[in-house]
Amino acid sequence: MMNRKIRVNLSLVWLVFLALVSCNQKSQETSKEPIVIDERDQKLSVNKIIPIDSVWAGHRVGFSMLTHKNRQYIAYYNKDRHMTVGQRNLDEDQFELYQLPVFDREEGQGTSTTLGWDSHNSVTIGIDSEGYLHLAGNMHVHPITYFRGQEPHDISSLKQEMEMVGSNEKRCTYPHFMTDREGRLLFHYRDGGSGNGNEIYNIYDVASKEWTRLLDSPLTDGQGEMNAYASQPSLREDNWYHMYWVWRDTPECETNHDLSYIKSPDMKNWYDAFGNQVLLPVTIDQKNVVVDPVPPKGGIINLAAKLCLDENNAPLMAFHKYDENGNLQFYVSRIEEGAWKAKQVTDWDYRWEFSGRGSIPSEVRLGDFNRREDGNYELGYQHIKYGEGVLLLDKDLNTIGEVLKPDNFGADLKLEGDFEGLEIRTTNDLGASENGKTYRLKWETLPPNRDRAYPEPWPNPSVLYLYELE
């Protein structure tokens, strides 16, 4: 009887010991200091600054820069709000500038080279494999505004073409040129309005100098009920194109919903994340492409997502939405057991209550999302309350620390203008140089005003600069 009691007591002691060890291990795990990786010494230095022109500073609108081999091209709106292009050889310190013919929408049959107050009306530039320039811009549900060079590498030969393909070109928005794996020039845009539109893709033939449809149907179709705010397809390390979008029901930005994703080996045949071919056009009814069924007013806004691939080339999607308490949080979703599974990676006490239409100021932004060489992940952010930084996530998407990065270009630049509300604008290079250098455009404007005019007085023009970094 006594031996039995001793055995029972020893068992209890052993169980208590195991419990204490387990608690101690958990305490050690939870008390781990956050990892801090300091990469601030990787900052690019400024080699050269080239003043280019005086530009409109009354509101934000996108400019464009394209470095191609040993030449560089830019497109912007000058101080008079007129569409202007520039070019230079990389070894030259001055741009040759050319203002496109000036006309308003009445003169241009709905097209125009004169900027109004719409911050959507960016201007973009592309180049085909024979060196002919292509330019589009200043359209937000307007007829296509497109210029094509008549001589290679010559901005002064840009001539307006009233049609590209000839159909679905009366209500165009978000023009983008891109080059595919084979070096062919593509052009894509939204046909229709916010809450009711389709994503259209064209391809250019250098022999015939004509555009045709890349796809027999739109890539996405809102079926008259919504439209897709889509990323540009990007060629990733697996040699496939990847893209994502959110659907939006109305012009009000709070009606975004259903983060979605597809991939393609050739820009024509598209698949979901599980390898199933997707019928085109993609519609809201195809639930197999949905990454996260964020509902309208659920905390996701246009393109509030970032994509990267894991070590097996499987996609991961970072995005933001509201948590159960109504705060805006970052999440990362990956494929587990044949389904997308989201993990919350922030614990912020802040709700960005975005709503309405037009170009609105951003309070929270996702930064770059990358897989590091050690297999961990980094996710950048800009937050009106929590500042700017880069989260460090482990392979299981636990937040384990931060990565200290050099300031983004423009963060340490001082405003030249003294008009209240001016902000620094920058744009990245759509191309790539062969000299190992990095280029950025920099200028100053007021923020967007939901596409409405600011009351006078307006700021004086700002200077557009080219920065050469190394």
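The values are calculated or read from the model by the stated rules, or taken from the named source; none is laboratory data. Bear in mind the structure is a predicted one, so any value in this text is a computation, not a measurement. Every residue, glycine among them, receives a Cβ derived from its backbone with ideal geometry; neighbour counts consider all protein chains shown. Heavy atoms of the whole protein, side chains included, go into the accessibility calculation; ligands, DNA and RNA do not. Shrake-Rupley method; radii C 1.70, N 1.55, O 1.52, S 1.80 Å.
Quick notes on this one:
- Burial ranking of peptide ranges 151-162, 196-207, 113-124 (average Cβ count within 10 Å, highest at the top): 113-124, 196-207, 151-162
- Per the Debye formula on identical point scatterers at the alpha carbon atoms of the chain, with no solvent, log10 I(q)/I(0) at q = 0.06 Å⁻¹ is -0.31.
- Along its three principal directions, the equivalent ellipsoid of the stretch 38-140 from the Cα gyration tensor extends over semi-axes of 27, 18, 14 Å, largest first.
- Among Glu106, Glu92, the sequence by solvent-accessible area, most first, with a 1.4 Å probe is Glu106, Glu92.
- Measuring r between the beta carbons of Lys79 and Lys209 and using R0 = 30 Å, the FRET efficiency lands at 0.35.
- Label separation (Glu182 vs Glu434): 2.3 nm, computed from points 7 Å beyond Cα along the C-beta direction.
- Take every pair of alpha-carbon atoms less than 8 Å apart whose residues are at least six positions apart; their mean separation over the length of the chain yields a relative contact order of 16 percent.
- Convex hull of the stretch 173-311 built on C-alpha atoms - directionally averaged projected area, nm²: 8.4
- When the P(r) of the stretch 264-304 is calculated, the portion above 15 Å amounts to 51% of the C-alpha pairs.
- Ratio of Rg to Rh over the stretch 338-470 (Cα coordinates, Kirkwood Rh, two decimals): 1.02
- Peptide packing for 361-368, 463-470 was compared via the average number of neighbouring C-beta atoms within 10 Å per residue; ordered from the highest value, the list is 463-470, 361-368.
- Net lengthening on full extension, Glu151/Asn313 (0.36 nm per residue, minus Cα-Cα): 54.2 nm
- Principal-axis tilt of helix 2-30 within the chain, Cα atoms, nearest 10 degrees: 20
- Per residue, the chain reaches -2000 deg cm²/dmol at 222 nm when only DSSP H runs of four or more residues are counted, each adding -39500 (n - 2.57).
- Spin-label pair Leu235-Glu353: with each label point 7 Å from Cα along the Cα-Cβ axis, the two points sit 4.7 nm from one another.
- Across the stretch 147-155, coupling constants 3J(HN,Hα) worked out from phi with the 6.51/-1.76/1.60 Karplus curve, θ = phi - 60°, read 10, 10, x, 9, 10, x, 6, 9, 5 Hz, and Gly and Pro carry x.
- The phi torsions of the stretch 164-171, fed into the Karplus equation with coefficients 6.51, -1.76 and 1.60 and a -60° offset, translate into couplings of 10, 10, x, 9, 6, 10, 9, 9 Hz, rounded to whole numbers, with Gly and Pro shown as x.
- Cross-link partners of Lys341 among aspartates and glutamates, defined as those whose alpha carbon lies under 18 angstrom from its own and excluding same-chain residues fewer than eight positions apart: Asp258, Asp272, Asp292, Asp310, Glu311, Asp323, Glu324, Asp394, Asp396.
- Value in Å of the Kirkwood radius, where the stretch 411-470 supplies the Cα pairs that are averaged: 13.5
- Mean accessible surface per residue for the chain, computed with a 1.4 Å probe while every protein chain stays in place, in Å²: 49
- Mean sequence separation of contacting Cα pairs (under 8 Å, at least six apart), scaled by the length of the stretch 267-420, corresponds to a relative contact order of 13 percent.
- Positive-end residue of Tyr439, Thr283, Met139, charge dipole of the chain with Cβ unit charges: Thr283
- Karplus-based coupling profile of the stretch 398-403, in residue order and whole Hz: 7, 7, 10, x, 8, 10, with θ = phi - 60° in 6.51 cos²θ - 1.76 cosθ + 1.60 and x standing for Gly or Pro.
- Carbon and sulfur %, accessible surface of the chain computed with the full protein complex present, 1.4 Å: 46
- With 24 Å as the limit on Cα-Cα distance, the pairs of Lys69/Lys442; Lys48/Lys159; Lys43/Lys414; Lys159/Lys268; Lys43/Lys79 that go past it are Lys48/Lys159; Lys159/Lys268; Lys43/Lys79.
- The smallest convex shape that holds all Cα atoms of the stretch 340-404, its convex hull, gives 125 Å³ per residue.
- Per-q log10 I(q)/I(0), the stretch 159-249, q = 0.17 Å⁻¹ (Debye; single scatterer per alpha-carbon; no solvent): -0.76
- Asp394/Met162 FRET efficiency (R0 60 Å; Cβ-Cβ; nearest 0.05): 0.65
- The calculated FRET efficiency for Phe419 paired with Asp41, based on their beta-carbon distance and R0 = 45 Å, is about 0.80.
- Coarse-grained scattering of the stretch 95-207 at q = 0.10, 0.18, 0.23 Å⁻¹, given as base-10 log I(q)/I(0) from a Debye sum over alpha-carbon atoms: -0.28, -0.92, -1.42
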